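S.K.: Have a look at this one.
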Ligand SMILES: Cc1cc2nc3c(=O)[nH]c(=O)nc-3n(C[C@H](O)[C@H](O)[C@H](O)COP(=O)(O)OP(=O)(O)OC[C@H]3O[C@@H](n4cnc5c(N)ncnc54)[C@H](O)[C@@H]3O)c2cc1C
């Protein structure tokens, strides 16, 4: 078969790699002028690569760890102790070890113990997501932990990630966050270990690209799909290089060059982009019920400011901001996880935000955002001044976070669109786990398996 894969993020590259291994030829079309999608890197100078959005792995991320091993790159994954804090009531409270919870001042001693026990019981006993699918995280937290943990901790955290949809977020999502990520045995019971590759995520993407190309496929970056038509064989129309500058809507891209024929198309792009690339006749074949599922998923945009600082901002790698007055939701000091010697002694801090589409912060330049964030940054670190900033980068990801409300699992679009050989595999289908590179590896593999099992025949090259 000749297969077009739309998107060179983790899911697209892994899917194309598996199909290549099965003897098929894949062309991967990618909008961005680089590999890796949401985990893509940027050159921060002197050849040092850093993810545009902060990234780490958990020890439970076995799909991606297995892929590293299989590619002969097991040594890339390095594990380091994490350090985490909550910013609440005007200060950073350490939140790395079980002892930190017992000393956590914003909650009464009784509330601390109750919250700790509730999490522990969930991790030990709640093996199935089913009982948590029809209840909101808020309802469960208030029932299992009491009101104060919701008001002081979980409510602000969920509002940070999901905005005014926080109250509607399914307990299934929180179940995934709390139960799947951490082992309770051994060293990790005391302090979590996080993984970060020795040479950023980029090496993995390059290895996958090389394997796809060794199988006669192509990985075409800065070459988005503008339109897909036909229905086996399919015609994929690509847009000209530079189209990414016009935004994410493929309907705005001018088609460049002749269309290419494929037996199958696997799209790993967000739901709205997928609908946008479908030619009207193909969309009609996909049908309204499936298109309604696509339209039913809401996303929040990640707005991520990456700062190079001339000194350490705080002692923690990860700070959850649970103070609603602050205009950002997290601080991720990368060089408090990965030693700064790797970057010739330079220090990097991500200021994290998730915002509903249309939020005015999304329109600001990096400089304007620094000005908007400065008072908040100073609340966390009173000595901070903008003179500490050596360099800044700003990234926006519109389809960064699907909003997982109660009953979400009933609204997930299946991998098979219903049109033979046309598949969709994107982050909205990762459930009940919170989306992440590990699960996009699994998703890419699932998509390849589904396509191979569907019995689609090679016709594009025969015609
Ligand atoms: C702020 C942030 C922090 C994160 N932190 C972590 C973390 O710590 N650990 C972790 O494991 N995961 C993390 N993630 C999540 C992780 O990056 C994603 O879940 C994963 O990379 C998604 O991979 P994907 O291939 O499914 O989708 P994507 O990476 O979104 O890939 C889709 C690809 O399609 C491309 N595309 C779009 N339109 C077109 C078109 N018309 N034609 C062709 N291509 C197109 C896009 O450019 C993109 O490359 C984070 C994400 C964000 C936003």
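S.K.: Using the per-residue mean of other Cβ atoms lying within 10 Å as a proxy for protection, in what order, highest first, do the peptides 422-433, 76-87 fall?
M.R.: My ranking of the peptides, most packed first, is 422-433, 76-87.
S.K.: Once the piece of chain linking residue 43 and residue 372 is laid out straight, how much longer is it, given 0.36 nm per residue of separation minus the C-alpha distance between them?
M.R.: The span from residue 43 to residue 372 would gain 115.9 nm if fully extended.
S.K.: With the crude spin-label approximation of a point 7 Å out along Cα→Cβ, what separation in nm comes out for residue 393 versus residue 177?
M.R.: Each label point is offset 7 Å from its Cα along the Cβ direction, giving 2.6 nm.
S.K.: Could you estimate the translational diffusion coefficient of the range 333-439 from the Stokes-Einstein equation, with Rh from the Kirkwood formula over C-alpha pairs, at 25 °C and 0.890 mPa s, in whole µm²/s?
M.R.: The diffusion coefficient I find is 139 µm²/s.
S.K.: Another question, then. With label points built 7 Å along Cα→Cβ from the Cα atoms of residue 292 and residue 220, find their separation and express it in nm.
M.R.: 3.5
S.K.: In bins 10 Å wide, starting from 0, what share of all Cα pairs of the range 166-309 does each bin hold, as a percent?
M.R.: 9, 24, 29, 25, 11, 2
S.K.: With a Förster radius of 30 Å, plug the Cβ-Cβ distance of residue 339 and residue 385 into 1/(1 + (r/R0)^6) and report the FRET value to the nearest 0.05.
M.R.: Working: r = 25 Å, r/R0 = 0.85.
My answer for the efficiency is 0.75.
S.K.: In square nanometres, what is the average projected area of the Cα convex hull of the chain?
M.R.: Values: hull surface 85.7 nm².
With every direction weighted equally, the projected area is 21.4 nm².
S.K.: Suppose R0 equals 56 Å. What FRET efficiency, 1/(1 + (r/R0)^6) with r the Cβ-Cβ distance, do residue 147 and residue 458 give to the nearest 0.05?
M.R.: Values: r = 61 Å, r/R0 = 1.08.
That gives a FRET efficiency of 0.40.
S.K.: Measuring from centroid to centroid over Cα atoms, what is the spacing of the range 293-372 and the range 97-131 in Å?
M.R.: With the range 293-372 and the range 97-131 each reduced to a Cα centre, they are spaced 27 Å.
S.K.: Let me ask something else. Using only the alpha carbons of the range 68-171, determine the length spanned along each of the three principal axes and report them from longest to shortest in whole angstroms.
M.R.: If we take the Cα atoms of the range 68-171, the spans are 49, 35, 29 Å.
S.K.: A further question follows. Counting pairs of alpha carbon atoms under 8 Å apart in space and at least six apart in sequence, what relative contact order in percent does the range 97-186 give? Can you show the working numbers first?
M.R.: On the way: 82 pairs, mean separation 29.3, N = 90.
Relative contact order comes out at 33 percent.
Rule-based calculations on the coordinates, nothing more; no lab input. The model shown is predicted, which means the values in this text are computed figures rather than measured ones. Every residue, glycine among them, receives a Cβ derived from its backbone with ideal geometry; neighbour counts consider all protein chains shown.
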